[in-house]
1. Based on the alpha carbon coordinates of the stretch 448-582, what radius of gyration and maximum Cα-Cα distance (Dmax) apply, in Å?
2. Sort 189-201, 382-394, 364-376, 644-656 by packing, meaning the average of other beta carbons within 10 Å per residue, with the highest value first.
3. Pop out the ³J(HN,Hα) list for the stretch 25-34 in order, Karplus 6.51 cos²θ - 1.76 cosθ + 1.60 with θ = phi - 60°, rounded to Hz; leave Gly and Pro as x.
4. Applying a 10 Å radius around every beta-carbon, put 273-285, 609-621, 563-575 in order of their mean neighbour count, most first.
5. Report the Cα-based extents of the stretch 499-539 along its three principal axes, largest first, to the nearest Å.
6. Which translational diffusion coefficient, to the nearest whole µm²/s, is obtained for the stretch 17-63 from the Stokes-Einstein equation, given a Kirkwood hydrodynamic radius over C-alpha pairs, 37 °C and 0.692 mPa s?
7. Would you list Thr520, Thr673 from fewest to most Cβ contacts within 10 Å?
8. Once label points are set 7 Å from the Cα along Cα→Cβ at both Asn230 and Glu614, what is their separation, rounded to one decimal in nm?
Amino acid sequence: MKKFLICFTLLSTLAKSDEGMWMPQLVDALNFKDMKKNGFKLSAEQIYSINKASMKDAVAIFGGGCTSELISNKGLILTNHHCGFSSIAGLSTVQKDYLKNGYFAMSAAEELPCKGLTVTFIKRIDDVTKKVLQNLNQTFSEKQRDSIIKLNIKTIETEAKKNTHYEAFVRPFYYGNEYYLFLTEVFKDIRLVGTPPESLGKFGGETDNWVWPRHNADFSLFRIYAGKDNKPAEYATENVAYVPNYSFPISIKGSKEGDFTMVYGFPGRTQEYLTSYAVELLMKQQDPLRVGLREIRLNVLEEDMKTSDSLRLMYTGKYANIANAYKKWKGEMQGLEKSDAVTKKRNFEKTFLDALASDAEKQKKYTELMTQFEKTYIEYAYLSKQFDYYSECLLAIDGIRYTSSFVPVFAELKKKQNGLDNRFEKVFKESKPSLPFKNLNKATDKKLCKAMLSVYFKEVNQGARPPHLDSLFAVFNGNTDSIADYLYNNSAFIDNDKAKAMFEDFEKNSAEYEKDVLYTFGAAIYNYYQKNIIPQTSYLEKQIAELQKEYMKGLRETIKNKTFYPDANGTLRVAYGKVEGYKGRDAVSYRYYTTLDGLVEKNSTGAEDFYVKERVLDLYRKKDFGPYADKDGKLRTAFIASNHTTGGNSGSPVLNAKGELIGTNFDRNWEGTMSDIMYNVDFCRNITLDIRFTLWVIDRYAGAGYLLKEMKIVN
Ligand code: ARG
Ligand code: GLU
């Protein structure tokens, strides 16, 4: 009876119905029954098939790290505004500021090519575990195992691509207990079709980021162009709109509380199977340290961004990136604290070990494994802290990150000068930014340097600092401001005029440039951390990964009635749940949807983040919502649901039970950001932009209703 109870509680803590990011090719075997029970109306084959057209053919990786979906048979794709952000910024100039004013092509000829942007589809997914692990011998060292695995992966990828125009990559799942091959098709001629102005796309700015309720129209539209053969081609005027074999129909019927929804996309990274030791380190050290350092950095940037438009523009993208992770970590640590995550993990570990009682040997093995985890994390905590001071404090200073990137440049140049094989030209080109520094203001960076150095010397002990930094500290009598002044007033790297000249004759006068004060400083930091911290950190991370692999194996073997989903790793996944609100904190409950009323309410506070153009308010007053209004006549802007998502899911299609597009995923709620570590269906929610708000902006706000004609809109 007791044993039965133990297993039962173990299961009930794990088997939350809305948790999980599932591999699409396994949905049929693993999730289909449950999805049906929750209201899903289609077949598993309609989600993923390699023989027939299926939804997977309409979901793509957008650029480096977002998701996008096809919404017409002419290659039209939808993603978030924040995913299109850098491409839109790249097309913008002071005269034609598409970020600020928005942009909608009124014909194909006006669609704007985005240099360097790619869109990647998955053609098929195959389990290649056996092949990856073949030729491995028990007696091999870890290093030998690693190199054989790497070699096997290379062979599998090469084999898969052979005689095709596809690309291929293999990824580990369940910490290397399984491996899957992804065959992909990468399109390279992608053009901007439309974007709302930033005041709509990023309405709410940093104030609203990671927070529910939301009102921003976080979308942008692009089109995939292909060669005449419908295959990927480099940009060319004669390329034609790509004709896919599947695109999503769009429903403007809306959804109500309790409705089935699913998200199909490319979640980046989760760590759901961490041990209590890891979670404790994250909550007590890593998150707070990183949050604290970013706060200092953001304050410096904010202060300067307020002083001029040009500084604001220069730092806006950088600021948003720093702020995004900062705010997520902050929500994450609060959420984990509030849910007593460490105790939960500890109890879980105890239950797991207890469940092994019938197998003494196994129980002993896993008890030892837990001890090993504990020991390794004690060692790792110190290194992780040093590493964070390197990456989040010293490298947070642009000038230092920039100059330290020249260490490999000088190394390659020396090889060249000695007549050895070298990659100088390539490395030089990569390190040399487009001059003059578009995204760096010397005075701001100097200020940042002062702020960060002051923390660094206070928090990092003498024995753990690069000796060169200590000697400067001594020379300047411990005055870190003077160190920063000295570096920034005497460096050619950080001075646009001098740097320009320097890069013209770099090879000739390299010996002199190598003595540059800021370069010397950056190089000392780089060399110190590369030698003393990074190898040890990687070594321990490798150890931890090995332990995790065993742990994961143990969990899957022992808890038979639970289906474990693999942590997110940037591959295609399906998450499903319900449209639903949540209880935020004492006495506060959240409704599952927002309306344009809320946008206007926020706007009337007068806060800068809630500015919108007069046209939006005009249309609002006229209640010009057309077919996009809900039954009550209001225009719904966003809704939340219990779909398990993470970074990378931005831009993902959010679908109803019939597989129709009802919105675009773009964020999570503040209370739920902990879901990367521990999902809780009670309050973890993904935030979706209602497709009707998107269509309204395209049609009524931008007057680009012609685009709707190529979509399949169902009512
Ligand atoms: N929090 C969302 C995500 O993780 C949106 C980020 C972009 N928006 C912003 N205000 N920084 O990516
Ligand atoms: N905004 C995130 C992204 O860019 C999605 C939000 C999340 O982390 O869930 O992918």
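1. 24.3, 69
2. So the peptides 189-201, 382-394, 364-376, 644-656, ranked by packing, come out 644-656, 189-201, 382-394, 364-376.
3. Residue by residue, the stretch 25-34 yields 6, 10, 4, 4, 6, 9, 10, 4, 4, 5 Hz.
4. 563-575, 273-285, 609-621
5. 41, 16, 15
6. 283
7. On the way: Thr520 16, Thr673 23.
By the 10 Å Cβ count, ascending, the order reads Thr520, Thr673.
8. 4.9
Since every read-out is calculated from the coordinates, none of them should be taken as a lab result. Small disclaimer: the values here were computed from a predicted structure and weren't measured. Glycine gets a Cβ as well: all are built from the backbone with ideal geometry, and neighbour counts include every protein chain shown.
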